[in-house]
1. Determine the order of LYS146, LYS194 by accessible area, beginning with the largest, at a probe radius of 1.4 Å.
2. Can you sort ARG150, ARG271 by solvent-accessible area, 1.4 Å probe, largest first?
3. Given the pairs LYS159/LYS194; LYS146/LYS277; LYS75/LYS228; LYS75/LYS146; LYS108/LYS228; LYS108/LYS140, which span a C-alpha to C-alpha distance of over 30 angstrom in this model?
4. Between GLU110 and LYS277, what length in nm is gained on full extension when 0.36 nm per residue of separation is reduced by their alpha carbon distance?
5. Mind listing the long-range amide H neighbours of SER264? Cut-off is under 5 Å, sequence gap 5 or more, other chains count too, H placed in the peptide plane at 1.01 Å from N.
6. Say each of THR197 and GLU289 gets a label point 7 Å from the Cα, pointing the same way as Cα to Cβ; how far apart are those two points in nm?
Amino acid sequence: PGPATRSGGRGYSALLNVVDAKHGPLDASTTLVFRTVLANILGAFPMMFLPATSNSSSGRDFTDIRNGAIDVVLKLLEAFTAAEATGAHIVEATVTLLQHLCMRVPDKAELRHGACHAIVTILLSMQAQAVQRFVGFIDKYARNQKPAFRMFAVELAEKLLTSKVVGDDKEMKLISATGISSLVTLIVQRCADKSVTVRANAVGAVASILEALLQIDEKSEFRAAIGKILFGQHQVQPEADNAGMMSPPAPRQQQPAAASAANSFLTMIRRRISDEKANVRKAALQVLEMIGRSRFEG
């Protein structure tokens, strides 16, 4: 390991020792530790964790530092959540940390992907109640005026839905059926986003989710839940206050009532196939390919 990694390892060991009742109130010490963790996950590395010649540190060193920051959070969760007196506080602080990561997500793709990995890794180590709470936050976050935030919401939702932990069919214990519905609906709605980048990423996320479902037993409850949302009665109905949504086309005259689901998932995909942007059209074709391979009933 490089000097940055060794320095980071020692720093993280010290941070774990800071969160202790003998050093004062746990809320104050946890806040202090999570501020450092936040910076290291986002790539804004404090100098105390880097050698004097920090510009010589490799990308691998930075990845190791980020992973070390994630490990600090996981160890704190493991150490304190079992205790009734401290568990609620640590969980609350961790959820707040994840929300701050979303609000400060970097523009650089590599750092953004790293932040997404950190959030999903930490979140899936938490209890279902905390996960469901964060899913609710993502749902609101996806309606932010900033396209970068909406795109990150899509990335988070995709990673959560394609995670091996979630898709392992543990009776959907980590993410409830309601949570799954919220995440899938979020992604499908963003397929009609005004931002080309958000729109392309959302359509691509649908393709990735369908491809991931190919690896799951056809009798899986998780697979059935997503299939029901996409191919059942689910409709993409952008709310009036949804930021960045494209205006739906005017309905055709004399359109049969049964075919009036102008905003249905399949109708939306057909629209994306004729999208003005090539990357969106390409992603939509990938969705159609995955639909053909998925063999969902109905």
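1. LYS194, LYS146
2. The residues order as ARG271, ARG150, largest area first.
3. The pairs that break the limit, which is 30 Å between Cα atoms, are LYS75/LYS228; LYS75/LYS146; LYS108/LYS228.
4. 57.7 nm
5. Answer set, sorted by chain and number: VAL236.
6. Taking the two extended label points, one gets 2.5 nm.
The values are calculated or read from the model by the stated rules, or taken from the named source; none is laboratory data. Predicted, not measured: the structure shown is a model, and the values here were computed from it. Positions of Cβ are generated from backbone atoms using ideal geometry, with glycine treated the same way; all protein chains shown enter the neighbour counts. Heavy atoms of the whole protein, side chains included, go into the accessibility calculation; ligands, DNA and RNA do not. Shrake-Rupley method; radii C 1.70, N 1.55, O 1.52, S 1.80 Å.
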